[in-house]
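The values are calculated or read from the model by the stated rules, or taken from the named source; none is laboratory data. The structure presented is a predicted model; accordingly, all values stated were derived computationally and were not measured. Don't worry about glycine lacking a Cβ; one is built from the backbone with ideal geometry, like all the others, and counts go over all protein chains shown. For accessibility, only protein heavy atoms count, side chains too; no ligands or nucleic acids. Shrake-Rupley method; radii C 1.70, N 1.55, O 1.52, S 1.80 Å.
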Amino acid sequence: MPEEPGPLKPKVTPCVRLRFSPLLREVLVDIVERVHAAELAASDKQSALPQVPGELPDPDLQTAWAEGLREREEYDTRALLALVTNPQFGKADMLATPSAAEALARASVRVRLYLRETILRDLNSAEVDGDFDVFRLPPAEQQGYACFRLLAHLEEDLILQLDPGAAKA
């Protein structure tokens, strides 16, 4: 998919500047690969196009809409997969184009939703979003929680770099 200008500040060059252990990167790679595989397996499902009340759905428009969403989803997840599989991720600053940064943020949201619905499903919202004793969790949930928080930080940092005014909102 060709790069397209994003709706945010196009002159900014976002930088991924996270630092964390190589073990956490391996866990994150596994999770992102699972989400990407699930998205590809679900590519036959139809995404619902919003309908105008009283109008019949247009099958061609429905198909084009669903295909566009699938392509965007795959592009976004491939961008995140490329980032997390890069051995420098977590060790060094990595630059991204504005559209790649937006794709990374969107894919991070999807991966966090996946984590919330699977590995972290037994935690309530206050626990997932707040501070609590993470060491009371089993190891798989600890790793999932660490990835969830890492991706949340990645999203927030990229959004603030793309649109510094977002911090005031």
Fill in the blank from the handout: With R₀ set to 45 angstrom, the calculated FRET efficiency between the beta-carbons of D133 and A92, to the nearest 0.05, is 0.90
Problem - 3J(HN,Hα) from dihedral phi, the range 89-95, Karplus parametrisation 6.51/-1.76/1.60, rounded to Hz, x for glycine, proline - result: 4, x, 10, 9, 5, 10, 7
Exercise for the section: Report the extension gain between E26 and T85 in nm, rounded to one decimal, defined as 0.36 nm multiplied by the number of residues separating them, less their alpha carbon distance. Expected result: 20.4 nm
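Which loop chymotrypsin sites (Phe, Trp or Tyr not before Pro) in the range 102-152, with loop taken from DSSP, have no more than 15 other Cβ atoms within 10 angstrom of their Cβ?
For chymotrypsin sites (Phe, Trp or Tyr not before Pro) across the range 102-152 that sit outside H, G, I, E and B with at most 15 neighbouring Cβ atoms in 10 Å, the list reads F132.
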Completion exercise
Answer in debye to the nearest 20: the dipole magnitude of the range 83-169 about its Cα centre, from +1 Lys/Arg and -1 Asp/Glu charges placed on Cβ, is 220
Handout entry: Sequence-distant residues sharing a close amide H with T97 (under 5 Å, placed H)
Key = none
Fill in the blank from the handout: Phi angles of the range 29-38, converted by Karplus (6.51 cos²θ - 1.76 cosθ + 1.60, θ = phi - 60°) into ³J(HN,Hα) in whole Hz with x for Gly and Pro, give 4, 4, 5, 5, 4, 5, 5, 5, 5, 5
Problem - Within the range 16-169: Cβ-based charge dipole about Cα centre, in debye rounded to nearest 20 (Lys, Arg +1; Asp, Glu -1) - result: 520
Fill in the blank from the handout: Rounded to the nearest 10 Å², the accessible area of L18 using a 1.4 Å probe with every protein chain kept is 20
Exercise for the section: Count charges around Y145 for me, please; just the other residues with Cβ under 13 Å from its Cβ, Lys/Arg as +1, Asp/Glu as -1. Expected result: -1
Practice task
Might you work out the accessible area of D93 for me, using a 1.4 Å probe with all protein chains in place, and round it to the nearest 10 Å²?
Solution key: 90
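Based on the Cβ-Cβ distance from L56 to R116, what FRET efficiency comes out when R0 is 45 Å, to the nearest 0.05?
My answer for the efficiency is 0.80.
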